[in-house]
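Taking it in order: structure first as structure tokens, then the write-up.
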Amino acid sequence: MLKSIQNLFFPPRCYSCQKIVPELTPVCSICDLKVLKTHFSFDKKNAVFWSVQNHFPIEKAYSPLYFEKNSPTQKLLHHQKYKDPNLFCEYFLSKISREILQEIKKEITAILPIPLSPSKEKNRGFNQIVPFAKTLSKALDIPIIENYLLRSTESSSQVFRNKEERKIQIQGNFHLGKEKMSDHHFLLVDDLCTTGSTLGECAKTLCQNSNNKVSVFSLAYVG
Ligand SMILES: [Zn+2]
């Protein structure tokens, strides 16, 4: 009752264009069409794979969406990053086909969200990718491991850095928790893959002195 009165005065709106939408629908049908899918497979043949592979050898990679400026995808990811990381988890999951989920499930032994530095997480109040990583973990029935891959040094925003500067800056930024894990095929989960340098550095850290393999999942790829 309270909810329906609330909806009367404050109806749910599309997070991209503000048009009124049915309850529990993050975007309207027009914006939904503009959330561009990549149609990548979980393999070695796509652009996300090569972005990361340029920095460190990985097994496979996948990204369900393309990231474009001013697109609904950008608006959703921005909202997820700075306001509420929980709202679009099921929506993003719905963009991944059953076949891809099965492919991932066949090989991956643990899911690892990319960590933020402790001070950044404290300031923001959350790590924006953790709720989605948990949703993926539940859908695949694969454990999520937090607090194993850790981010050490502070890093200023990457937005205005060029490729070389980013690569130098990100080196040595990650380390591992005390108990060493071996013989895993980790799936690193991030929201956005741009140059692949962060994901590559994480993969390198996870493979140091251990018999681990790493694959990569990024919600969106900046093509
Ligand atoms: Zn819309």
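Structural remarks
- Extension gain, Arg98 to Asp84, is 2.4 nm, computed as 0.36 nm per intervening residue step minus the present C-alpha separation.
- Between helix 98-107 and the chain: long-axis angle, C-alpha atoms, 0 to 90°, nearest 10: 20
- When each of Lys60/Lys138; Lys37/Lys75; Lys75/Lys95; Lys3/Lys81; Lys83/Lys138 is checked by Cα-Cα distance, pairs over 19 Å: Lys60/Lys138; Lys3/Lys81; Lys83/Lys138
- Inter-label distance for Ser182 and Lys106, nm, one decimal - labels placed 7 Å from Cα along Cα-to-Cβ: 2.8
- The angle between the Cα long axis of helix 197-207 and the longest principal axis of the Cα atoms of the chain comes to about 50 degrees, rounded to the nearest 10.
- With a cut-off of 14 Å between beta carbons, the residues surrounding Gly125 carry a summed charge of +3, where Lys and Arg count +1 and Asp and Glu -1.
- On Cα atoms only, tilt of 72-82 relative to the major axis of the chain in degrees: 70
Taken together, the values in this text are just the output of simple stated rules run on the coordinates, not laboratory data. The structure displayed is predicted, hence computed values, not measured ones. When we count neighbours, we look across all protein chains shown, and the Cβ atoms used for this are built from the backbone with ideal geometry, even at glycine.
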